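Engineer: Below you'll find the structure I mean.
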Amino acid sequence: MRHPAVVATAIVTAVLTFDTGWAQDGSGAEAPFQGGVFSRQAGKAIQPTSFTVSRRSLAVFDNEGRSNRLVIRVKYDNPGMFVNVATLQSEGSRPDLERAVVVAVAGGDAVTRRALAGPIDANHLIEMDRLSADARSENSPDDPREVLEQYIVLTYPTVSAALSAQEILRQHPGIAYVGNDRRIDFSWAPPSGAADPYFAKKAGATNVGQYQWGLQAMNFPAAWNITKGHGYVGAVDGGLPYQSPNGAAAPLDLQNNFRLQFSRDPYEWDSWPEDFHGSHVLGIIAATEKNGIGVSGVCPTCSAMMARVDVSSSVIAAAYRRLVDRGVQIINYSMTAVNPSGPEYTCSSFNYQEICTAIAYASMRDVLIVAAAGNFSRSAPGFPANMPDVLSVAGAANTNINIPSSWTMWSSSVLAPDYGSNFGSDAAGLDGVVAPAKAIVSVVPDNPHSKSYVPDPPFYCSDYYPVDQSATGSTLALGHADGYASCTGTSMAAPHIAGLAGILRSVNPRLGLAAIKSAIQTAGDKANARLASYGYGLPNALTAVNKVLTQTPSSRLTPLFSFYSSGRLDYFYTTVPQMGTAAIYGTLEPKVTTATPYLPTGTAAITGYSAFPAHKAGVAAPRADVWTFTTPANPKNAAIPLVPLYRLSWKCSDWTPSPPTICSTNGNHVDVTYTADPDGILAFQDVGYRLDGIEGYIYPKTMSHQPTGTRKLMRKYNPARDDHAIFPDNMLATMQAQGYTEDSGSNWLGYVYPNLTGVIPTIQ
């Protein structure tokens, strides 16, 4: 069977975890077990005091968190597998055998390298002198130090080489265990009271233009007390470093939330500075919050996508459509066309009609586009921010937009005075808003080719110039390059608003774009007296969230829409109407070669909600089997935290250690599965699944009493279809009749309210 069972793990430190096989504990929880894979977690490494990690070169990671290293445990009763260590067979000494294997690989022994599928280096997981015999005698067999000293780290030339070697070594008679050294996909929270390096305010009277002052100015930390969001936000921009010239991975702060599988390039952008711009913009939207690394995004648990573009109108139009077709809810556009000396560009200018057609297509699918107003000191927003279906965003240079402030980051002499204003370079327009734009700190690629971005006019963004206000000291020293940089421009203002829209769509996924747009506008400090220069003013994130909450049932329940595709042989569930539309039209990722759309299934149609945006003719109204919560706080009992319901997916042609046999007869097969446990994420990722994001929140299975009116949310596996399904336990017999009979780790995930009538249930 390809599906993972439950993992078991011992946590050694904030950095080290391991797993060996899959086993289920008495509760059926997806919890770690001892033995197996060595995992790295994004964040600053904390070295254990009792032993040290081996000195070795840094691993190379792909965008799935997999590295070019494997961790193995040799079968000590079978050392003869290696010619060079056969003499140790009589002794059977674990340290001696470990040392012989490491020395043979590191010394370039061809026989041993062939036996281990071509590693270029080897190290001990823990230094060989890490434990004395006396210290070892005091340990229990399951002591982390005792367990970890059994493992050897093998380094391969590339990630793909390591993954290929992993499959070879799994069949090797002399290997007891092999696993990829991978980065965990959940973020480490620092100790209580600790702050990210660039999130806290600097000392000073105003704190304006220092660190992430913009998040403070829009009151995002207060909004995060309600929700940190789980919407799907896309960006049409110059790119991310996953495609940079040196092959660098996305910044650590983004690797948790960036969804490569939803991101598509209509154009292969070959100008390296744009890596900088796209990374900085996406970091403002969705960098992981309070991870101990650096910055925090506006929507720190949102799923972020990217469509890389050049300045061609046809490419930009294609980018909009590609993100819309993948179910994105918000699109950020931090590129603007402005005519410096003539009338403003419109749909008819330079063949911009195809962009306007794409914008209309997004509006039809209920996707909100947020666009930068521009940096040209104009009296009106540039294109497409000047279009009625787009939310225009001008730039603020300080927290009080009524007080003028220089636009430039370093010296007013660099730019002409007319380039600076208190509201940014372009006016917001009456229906636009303002957001922080001056000296905004965010992530940039760890790429020697992408240390600065020079737009026109030259509002320099830099990771090493003295203008870089991400420096941690009081002096902004030349050459301070740390993967974080400060940029100025409306490009930085727009993602603040796009991320806010992602949060609002998380609070109520079914709320239309007009209502989301209105909540942002009316949360501005000039909502009652808007001006063309400021629009509705600077929004307060907490105010906007509360406005959406008033339009959301007090229970905060939303239907988990149910679908099935006979072509894909897959059940799929989502709380996002835009993704429901993508499923119906056959464009949802993971997309397969043949369009095999999903059709609604489920117990009852949702009352008062007859269709998804751009509902397809002939398709039944949306249906659901269960309801999930939209925010992590339990509305009935604040003492009981809800747990996220994570979605993961896999399709034929994706990497997996054990391809299902169904792929030989049905190449269109997809499996979308769900888990409510972070360790369950790792279990599925270890067999090739990709994390798509959070669909909502459910009651945890650890509750002492089952909430009144709820049922267990079951997860069962159908081996004939290689498919997972989730459903309330009252449907168990029906699903078993379809072949969903096997557990995959835990056989249930938590408690949910069943959808019996299509009406939102009452929480008792």
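Engineer: Checking the structure you have, find out if any residue of the stretch 386-399 is touching a residue at least 12 places away in the same chain (Cβ under 8 Å), surrounded by fewer than 24 Cβ atoms within 10 Å (Cβ to Cβ) and of a type in the set (Ser, Thr, Tyr).
Structural biologist: The answer is yes; a qualifying residue exists.
Engineer: Shifting gears a bit: Could you identify the single residue in Ala541, Ala532, Ala514, Ala523 that is at negative phi, of a type in the set (A, V, I, L, M, F, W, C) and in contact with a Phe, Trp or Tyr (Cβ under 7 Å, 6 or more places away or on another chain)?
Structural biologist: Values: Ala532 fails: in contact with a Phe, Trp or Tyr (Cβ under 7 Å, 6 or more places away or on another chain); Ala514 fails: in contact with a Phe, Trp or Tyr (Cβ under 7 Å, 6 or more places away or on another chain); Ala523 fails: in contact with a Phe, Trp or Tyr (Cβ under 7 Å, 6 or more places away or on another chain).
The unique qualifying residue is Ala541.
Engineer: Return only the number of the condition from (1) touching an Asp or Glu at 6+ places or on another chain (Cβ under 8 Å); (2) on the phi > 0 side of the Ramachandran plot that Tyr573 does not satisfy.
Structural biologist: (2)
Engineer: Still on this structure, please answer the following. Given the conditions (1) in a helix (DSSP H, G or I); (2) crowded, with 19+ Cβ neighbours inside 10 Å, report the number of the one that Ser314 does not fulfil.
Structural biologist: Unmet condition: (2).
Engineer: Test Phe572 against the criterion of being part of a loop (DSSP other than H, G, I, E, B) and either crowded, with 22+ Cβ neighbours inside 10 Å or assigned by TED's automatic domain parsing to the domain that holds Tyr689 (or both), and give yes or no. Walk me through it before giving the result.
Structural biologist: Details: part of a loop (DSSP other than H, G, I, E, B): no; either crowded, with 22+ Cβ neighbours inside 10 Å or assigned by TED's automatic domain parsing to the domain that holds Tyr689 (or both): yes.
No.
Engineer: Let me confirm something: among Leu542, Leu504, which residue is in contact with a helix residue (DSSP H, G or I) (Cβ under 7 Å, 6 or more places away or on another chain), modelled with pLDDT of 90 or more and under 19 Å from Trp213 (Cα atoms)? Write out each step before concluding.
Structural biologist: Values: Leu504 fails: under 19 Å from Trp213 (Cα atoms).
Selected residue: Leu542, the only one of Leu542, Leu504 that is in contact with a helix residue (DSSP H, G or I) (Cβ under 7 Å, 6 or more places away or on another chain), modelled with pLDDT of 90 or more and under 19 Å from Trp213 (Cα atoms).
Engineer: Of everything in the stretch 573-599 that's touching a helix residue (DSSP H, G or I) at 6+ places or on another chain (Cβ under 7 Å) and without any contact (Cβ under 8 Å) to a residue 40 or more places away in the chain, which residue is farthest from Val626 (Cα to Cα)? Reasoning before the result, please.
Structural biologist: Keep residues of the stretch 573-599 that are touching a helix residue (DSSP H, G or I) at 6+ places or on another chain (Cβ under 7 Å), which gives 574, 588-590, 597-598.
Subsequent filtering for residues that are without any contact (Cβ under 8 Å) to a residue 40 or more places away in the chain retains 597-598.
Values: Pro597: 22, Tyr598: 18 Å.
The residue in question is Pro597.
Engineer: Tell me which residues, restricted to the stretch 715-734, are surrounded by fewer than 22 Cβ atoms within 10 Å (Cβ to Cβ), among the aliphatic types (A, V, I, L, M) and either in contact (Cβ under 8 Å) with a residue 60 or more places away in the chain or over 20 Å from Gly567 (Cβ atoms) (or both).
Structural biologist: Met731, Leu732, Ala733
Engineer: Quick one: which residue in Gly342, Gly327 is free of Cβ contacts under 8 Å to residues at least 40 places away in the same chain, more than 15 Å from Pro384 (Cα to Cα) and part of a loop (DSSP other than H, G, I, E, B)? First the steps, then the outcome.
Structural biologist: Details: Gly327 fails: free of Cβ contacts under 8 Å to residues at least 40 places away in the same chain.
Testing whether each residue is free of Cβ contacts under 8 Å to residues at least 40 places away in the same chain, more than 15 Å from Pro384 (Cα to Cα) and part of a loop (DSSP other than H, G, I, E, B) leaves just Gly342.
Engineer: Can you tell me how many residues within the stretch 584-621 are closer than 17 Å to Phe262 by Cβ and part of a loop (DSSP other than H, G, I, E, B)?
Structural biologist: Number satisfying all stated conditions: 8.
Engineer: Shifting gears a bit: Among the numbered criteria (1) outside any helix (DSSP H, G or I); (2) surrounded by 24 or more Cβ atoms within 10 Å (Cβ to Cβ), which one does Ile285 miss?
Structural biologist: Going through the list (1) outside any helix (DSSP H, G or I); (2) surrounded by 24 or more Cβ atoms within 10 Å (Cβ to Cβ), Ile285 breaks only (1).
The values are calculated or read from the model by the stated rules, or taken from the named source; none is laboratory data. All of these numbers come straight from a predicted model, not from anything done at the bench. All Cβ positions, glycine included, derive from the backbone under ideal geometry; neighbour counts span all protein chains shown.
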